[in-house]
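Okay, structure first, notes after.
Here, each number is a calculation from the coordinates, and none is a lab measurement. Given the structure is predicted, the values throughout are model-derived calculations rather than measurements. Note that each Cβ is placed from the backbone with ideal geometry, even for glycine, and that neighbours are counted across all protein chains shown.
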């Protein structure tokens, strides 16, 4: 059974909805008793499989848990949770999202399932998750939506400088600063332009912990000209706009 995403406690009050076979849980720990629901949609579960295969092809087989199943759950926010005792991954998606948004979220969280494995919380992994999510949309026929999401991220990126992205503590569980995902995506897109996707991919396996800077070894392995271009991207700390700060 899934967890309450606020308290991380197991949900115990569940039922199967008659006529659908869909399993639903009501949270008994929170005042609003939010609902979590298992995703039975065949197309979305097939998209998980396609996303997983694509991530494995790009970044390698996840060590230790490659055979673990992945379960989709509608909840309060997108999140990848490694359930070590039950030997599975739960990918939470935002309830009420449309089919395109759900696929974007699946791509993002599947990267975390393959590369982060519930252990790595690092800005480079959020960068890759954003890149992977739209690459997958394009590969599987949703290029227009991918372009729309990327344009929105590019606009959001102006609200957060790179230095703030890199300094954000991803272990705290508090909302990330507004513009976080936009800056992550734009930084990744600029690195792809600077060094190419093939040279960028090894950075996804460089972060093993929450260490603030894991780029040194990756940079050292690049040819001199590519390293210079990557350093120029990573040194770009353009100040954020003067607009009021928000959280997402």
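Annotations
- Helical mean residue ellipticity (222 nm; -39500 (n - 2.57) per DSSP H run of 4+; nearest 500) of the chain: -13000 deg cm²/dmol
- Remark: spin-label model distance residue 100-residue 77 equals 2.4 nm, labels positioned 7 Å along the Cα→Cβ axis.
- Whether the chain is rounded, prolate or oblate, judged on the alpha carbon gyration tensor where a/c under 1.5 counts as rounded: prolate
- Which of 132, 120 has the fewest Cβ neighbours within 10 Å, and the rest in rising order: 120, 132
- The DSSP beta bridges internal to region 14-116 are antiparallel in roughly 70% of cases.
- Classification of region 37-129 by its C-alpha gyration tensor yields a rounded form. The axis ratio a/c (a ≥ b ≥ c) stays under 1.5.
- Cα-based helix-to-principal-axis angle, 143-157 vs the chain, degrees rounded to 10: 60
- Rounded to 5, percent antiparallel among DSSP beta bridges of the chain: 70
- Oblate is the label for region 128-167, because a/c, from the alpha-carbon gyration tensor with a ≥ b ≥ c as root eigenvalues, is 1.5 or above and a/b does not exceed b/c.
- Residues residue 205 and residue 84, FRET efficiency given R0 of 22 Å [Cβ-Cβ distance, rounded to 0.05]: 0.60
- Separation of alpha-carbon centers, region 4-21 and region 135-158, rounded to whole Å: 32
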